[in-house]
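The values are calculated or read from the model by the stated rules, or taken from the named source; none is laboratory data. From a predicted model like this one, the values you see are computed outputs, not experimental measurements. Cβ placement follows ideal geometry from the backbone for every residue including glycine, while neighbour counts extend to all protein chains displayed. Remember, those area values only see protein heavy atoms, side chains included, never the ligands or the DNA or RNA. Shrake-Rupley method; radii C 1.70, N 1.55, O 1.52, S 1.80 Å.
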Amino acid sequence: MEFFLQPWPWYVAGPLITLVMFLLFYFGKTFGVSSNLETICAIGGAGKFNSYFKFDWRKNTWNLIFVFGAIIGGFISYQWLTPNEVIALNPQTIQDLSEIGIQNAGQSYLPAEIFSLDALFSLKGILVLLLGGFLVGFGTRYAGGCTSGHAIVGLSNLEIPSLIAVIGFFVGGLIMTWVFIPIIF
Amino acid sequence: MKFIKFFVVGILFGIILSKSEVISWFRIYEMFKFQSFHMYGVIGSAVVLGILIIQLFKKGIIKNKDGKQIIVPPKKNAFKANFLGGIIFGLGWALVGACPGPMFILLGRGVLAILIIVFGALLGAFVYHAVKKWMPN
């Protein structure tokens, strides 16, 4: 039980993610979370505005159920498997964040400066969340996949398009982290 | 009832990404600052093992539950879309520290702000399909 309460190291998490991918293939499906965004748009009536969303979303029900499971998995680990949320960050990371105005780095999973209710109810806070989400949703559908579909499945299948996409993920991530985040916060 | 297995695998996925701190904004920031091996280890070990597993699919050594060969659907080869879409995704990933999977997992932790991120992501997917005919492919 002690192991379940400690943070899991990378060499446990990585192979377990491969297990998730394997199980979905074994059950006749494929691992990819971002396509659910389109499914939810379709259910929400996006077909009224764009015929693309008029596909039969029921064929993706299994994937919505998978995502629903992931939400419950988050709930279970939060309630019972994470006695404290302290993350063993690199001290340099904590110092770098402090210098750009993000305090208490690693004391919990998420920075209060972005995710607290105070941030949520400020104009800047809500714009950051909305813009971040928008870029993720737009980019992942444009690129044809996200971290699961491209970085895990695509790279495992030695796909060049996925390698290109993952390089793109890093170019975008590095620009945001090194250039924009210090300006935004 | 046939969907229960996907629900269980989803729970497993949520717990793995929570317990390994992959859903933490700080871990994503640290990764892009090259200040920790953790995220590289998670993704790298998943991919190395994934390559081995998919080779076993291709050789027919591992079959699916119906005894059929497992086919991994190929990704569309569209250099500009993969690269430019990837960059846009990366900008968002680093800003809010959440890609689509972790976004939903964080929702299960009761983080209200995530609702705005999910709404933004749905809007992003919707707008992409409205403007895709003008996007380089």
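Nonpolar atom fraction for the protein assembly as shown, defined as the carbon and sulfur part of the 1.4 Å probe accessible area, stands at 70 percent. The charge dipole of chain B, taken about its Cα centre with unit charges on the Cβ atoms of Lys, Arg (+1), Asp and Glu (-1) only, comes to about 600 debye.
Per residue of B:36-44, other chain Cβ atoms within 10 Å of the residue Cβ number 6 on average. Between A:LEU5 and A:SER51, what's the calculated FRET efficiency when r is the beta-carbon distance and R0 is 56 Å? Round to 0.05. Given R0 = 56 Å and the Cβ-Cβ separation, E is 0.65.
Centre-to-centre separation between the Cα atoms of segment B:90-124 and those of segment A:82-130: 14 Å. Counting only whole DSSP H helices of chain A, the ones at least 18 Å long by C-alpha along their axis and with mean Kyte-Doolittle hydropathy no lower than 0.5 are A:10-26, A:61-76, A:123-143, A:160-175. Using a cut-off of 26 Å between Cα atoms, the listed pairs B:LYS63/B:LYS132; B:LYS65/B:LYS132; A:LYS59/B:LYS80; A:LYS48/B:LYS132 include B:LYS63/B:LYS132; B:LYS65/B:LYS132; A:LYS59/B:LYS80 as exceeding that distance. Heavy atoms of the protein chains alone define the surface here; on that basis chain B has 41 Å² accessible area per residue at 1.4 Å probe size.
With contacts taken as Cα pairs under 8 Å and at least 6 residues apart, chain A reaches a relative contact order of 21 percent.
At full extension, A:THR61 and A:ALA88 could sit 6.0 nm farther apart than now, given 0.36 nm per residue minus the alpha carbon distance.
Only Cα pairs under 8 Å and 6+ residues apart enter the sum, and on that basis the relative contact order of chain B stands at 28 percent. Can you give the mean number of other chain Cβ atoms that lie within 10 Å of the Cβ atoms in peptide A:51-59? Per residue, the average neighbour count from other chains is 1.
The value of relative contact order for segment A:108-173, using C-alpha pairs under 8 Å at least six residues apart, is 16 percent. Association of chains B and A removes close to 10500 square angstrom of accessible area from solvent, both sides included, for a probe radius of 1.4 Å. As a calculated quantity, the FRET efficiency between B:GLN69 and A:ILE160 at R0 = 30 Å, using C-beta atoms, amounts to about 0.85. Over the residues of chain A, the helix contribution to mean residue ellipticity at 222 nm works out to -16500 deg cm²/dmol, using -39500 (n - 2.57) for each DSSP H run of at least 4. Packing, taken as the mean count of other beta carbons within 10 Å per residue, orders the peptides B:96-103, B:127-134, A:87-94, A:148-155 from highest to lowest as B:96-103, A:148-155, A:87-94, B:127-134. Averaged over the residues of B:128-134, the number of partner chain Cβ atoms lying within 10 Å of the residue Cβ comes to 5.
Charges were assigned to the Cβ only: +1 to each Lys and Arg, -1 to each Asp and Glu. The resulting dipole of the protein assembly as shown about its Cα centre is roughly 1520 debye.
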